[in-house]
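The values are calculated or read from the model by the stated rules, or taken from the named source; none is laboratory data. Worth saying up front: this structure is predicted, and the values here are computed from it rather than measured. Neighbour counts run over all protein chains shown; Cβ positions are idealised from the backbone, glycine included. Keep in mind that these areas ignore ligands, DNA and RNA; they rest on the heavy atoms of the full protein, side chains included. Shrake-Rupley method; radii C 1.70, N 1.55, O 1.52, S 1.80 Å.
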Amino acid sequence: MNDEQRLFLEDARDIVDKLSVDIAELRVEGLAGRRRRHLAAQVFRRVHTLKGSAASLGHQSIADISHRFESILDASRLGQLELDRPALDTFAAAVAEIERLLESNNDSGGDSQAIIQRLAKHADSAKTRDGIVSNLRAVLPPELAASLSEYDLHHAVSAINEGARLFVVSAAFSLESFDSAFRELSKLLGEEGEVIATIPGAPAADNELSFRIVYATEFFSNELQRRASALAQIRHEEIPVKPEERVATSSDESARSPQGEVATAARAGIRVDEASLGELIGSAAELFRQTNNILACISPSSIITQSMINDVRMRFIAFEDRLIKLRLVAAREILERTVARTGRAAARQLGKDIRFEIKAGDVGIERSLAEIIADPLLHLVRNAITHGIESPEERRAAGKDPSGRVTLTAYSESGKIYVTVSDDGRGIDLDRVVVAAAEHGIVGDQLTEEQCLRLIFRPGFSTSRDVSDLSGRGIGLDVVDRAMGVAGGEVRVATKRGAGATFAMIVPAALSLVNCLIVRNGEHFYAIDAAHVQVNGVDTLERQRLPLVHLATLVGESIDSPEPSQAFVWRRPTEAGSAVGGLPGYRIAVDEIVTTQETLVRGLGRHAYRWTGVSGAAEMFDGTVALVLDLSELIKLTLENAG
């Protein structure tokens, strides 16, 4: 068995475990509405992934079962059939057969053909339900109705049938802030309802970017309007659509019948809840602080020596580190699976010779975070291969090596995880973005390169014909941005025409142990990743050459004295690129350099991106909370404001 087959089997078994849990939850009494639709969509994505992986590696029976399985789920997404008890029973049987095929590594025997026939029978029973969809198309503005897919329309229909009302929200943003404001608005609307679809609209004025959002909610309150208006120019109008008359189906009965749930869920095995594990880590950290304080109070004449105290502290640090690692999966494993699952299969199908490079060291990623970034990572790799890398003939004509290169990298810095996908292909054609923007009423010469690159992540621009030709880079990139919103991270992109593009997903680690330099400025304590600082050993000449920046300036505090009490040298990490401002480093002035210590850093959750230059928070031995600073971001922001 080669590495690709081994990784496929491991990945497929994990998908089967998750499918078992999802199907069991779909059986739960009273599960309806958004949660049920979310689960069904999750099952669809898992089966779709399994189908592609199995087909690319020659597991035909698994691919055939998954294909039929996917057809039923697709019909469900289109409102053409109910996921009733018989359908869920068939799903459970299909998952059990896939599990048998994985364990036996044998496509013969078993009930594969019988399962395929059962799945086909359900798929054949799907009935088109166009009544309310046709009504919805008729009452929507024509250009808006033409822009919505069948899935969008049925999504709206489902929400309406569940008691929601349908609105079209028109939002106009300033070009300078549209990216962050759009994300904030999407999150705000998501708190009260569901964003069905987003399409670009014609702006009312220059230097504006507008969108129309199809939105389902039970009530569009004045408070929602007020909060939304703080982010953009907002108008909303209700679309008058009545829910369809609902006929009782066997799914109602199945919701009340959890039969088989225990047996199905049992195959998922015993798992450790991440929240409970997080509480255990927190308890260990608290025990560490209390022990440290007790040891500090022991008389110097005590038989306990300093080496014994240090030994206890190091044991606690090692214990915390082991607990944290229980939450993690190796980033290298995630990247290798992505390459095995999507990369090599896509390259073979397109007849492209592509070398894959993986650089991950020993970086670990929380399991929950790994799930969030899995689909965006697959999407970025697939687009790099399909659209970023040219054909061998094109590369030869451009004077390039006929073999393309895709590099996947993961590294950690200051409590953040960086996952990047780079290729040496044709790059992003910014002229195409400008053309597409002009079609939506945005004057192209008003767009900077950064604004162009931000624009391709917005919904609507990814579905127009011109941006679809944008080296494939505009297709579905809003999926990546939405995932970063869930994770509290951000996505960045850099490109050079003819030389390729790099997409970086930057997400906060929920928990990490970081060796930090602890400093004080005024009454506040701050932590900086010690891997990038130097307190001693800097010669006088270098100190004079490096520019001096007060930490108070970077964090928006007043400077008590222009002459620094103490200072350390900070150098930007090599993984992040060239030094900020083209300089090799800075001297950072602070009121006091306190100590250097292993520090338990906690992430700031899904809203972390709001605090530029803050990576997380750390609790000191005495209970004091110190913000963990990202000096790269703070210095960059200060330079931009000064310029």
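Brief remarks follow.
- Filter pass, I389 being surrounded by 23 or more Cβ atoms within 10 Å (Cβ to Cβ) and modelled with pLDDT of 90 or more: yes
- Entry remark, the range 81-92: residues being in a helix (DSSP H, G or I) and crowded, with 18+ Cβ neighbours inside 10 Å number 6 in total.
- Contact annotation: residue pairs with Cβ atoms under 9 Å, 6 or more positions apart or on different chains, pairing a residue in the range 230-244 that is touching a residue at least 12 places away in the same chain (Cβ under 8 Å) with a partner that is among the basic types (K, R) and in a loop (DSSP other than H, G, I, E, B), are E244/R129.
- Flag for D431 being under 22 Å from the mean Cα position of the chain (by Cα), farther than 27 Å from L57 by Cβ and surrounded by fewer than 19 Cβ atoms within 10 Å (Cβ to Cβ): no
- Meets criteria (assigned to a strand (DSSP E or B), within 26 Å of N135 (Cα to Cα) and touching a His at 6+ places or on another chain (Cβ under 7 Å)) for I196: yes
- Any pair with Cβ under 7 angstrom, 6 or more apart, that starts in the range 134-155 at a residue that is closer than 19 Å to H236 by Cα and ends at one that is surrounded by 16 or more Cβ atoms within 10 Å (Cβ to Cβ) and not hydrophobic (A, V, I, L, M, F, W, C): L144/R212
- Answer residue from the range 333-354, given it is within 17 Å of the chain's Cα centre (by Cα) and within 14 Å of T407 (Cβ to Cβ) and is surrounded by the most Cβ atoms within 10 Å (Cβ to Cβ) among those: L335
- Neighbours by Cβ (under 9 Å, 6+ apart or cross-chain): first from the range 49-60, touching a residue at least 24 places away in the same chain (Cβ under 8 Å); second not in a helix (DSSP H, G or I): S53/H59; H59/N105; H59/D107; Q60/D107
- With respect to (1) at positive phi; (2) touching a strand residue (DSSP E or B) at 6+ places or on another chain (Cβ under 9 Å), the lone exception for D362 is condition (1).
- Of all residues in the range 465-500, those being at positive phi, surrounded by 20 or more Cβ atoms within 10 Å (Cβ to Cβ) and at pLDDT 85 or above number 1.
- Lone qualifier among V329, V312 - being within 25 Å of the chain's Cα centre (by Cα), on the phi < 0 side of the Ramachandran plot and either at pLDDT 70 or above or surrounded by fewer than 19 Cβ atoms within 10 Å (Cβ to Cβ) (or both): V329
- Residue in the range 352-372 that is in a helix (DSSP H, G or I) and under 23 Å from I456 (Cα atoms) present: yes
- Test: residue in the range 172-180 that is surrounded by fewer than 19 Cβ atoms within 10 Å (Cβ to Cβ) and assigned to a helix (DSSP H, G or I): yes
- Residue list for the range 60-80, restricted to those being out of contact with any Leu (no Cβ under 6 Å at 6 or more places or on another chain), open to solvent by less than 30 Å² (accessible area, probe 1.4 Å) and either closer than 19 Å to A159 by Cβ or at pLDDT below 85 (or both): L73, L78, G79
- Looking at T420, T409, just one residue is of a type in the set (V, I, T), in contact with a Lys or Arg (Cβ under 6 Å, 6 or more places away or on another chain) and either without any contact (Cβ under 8 Å) to a residue 60 or more places away in the chain or not in a helix (DSSP H, G or I) (or both), and that residue is T409.
- Cβ-Cβ distances below 6 Å connect the following pairs, each with a first residue in the range 502-515 that is under 8 Å from V601 (Cα atoms), a second residue that is of a type in the set (S, T, Y) and at pLDDT below 90, and a separation of six or more residues or different chains: V514/T599.
- Scanning the range 373-406 for residues that are free of Cβ contacts under 8 Å to residues at least 40 places away in the same chain and not in a loop (DSSP other than H, G, I, E, B) yields E393, E394, R395, R396, A397.
- In the range 1-41, the residues that are open to solvent by less than 40 Å² (accessible area, probe 1.4 Å), without any contact (Cβ under 8 Å) to a residue 40 or more places away in the chain and of a type outside the set (V, I, T): D22, L39, A41
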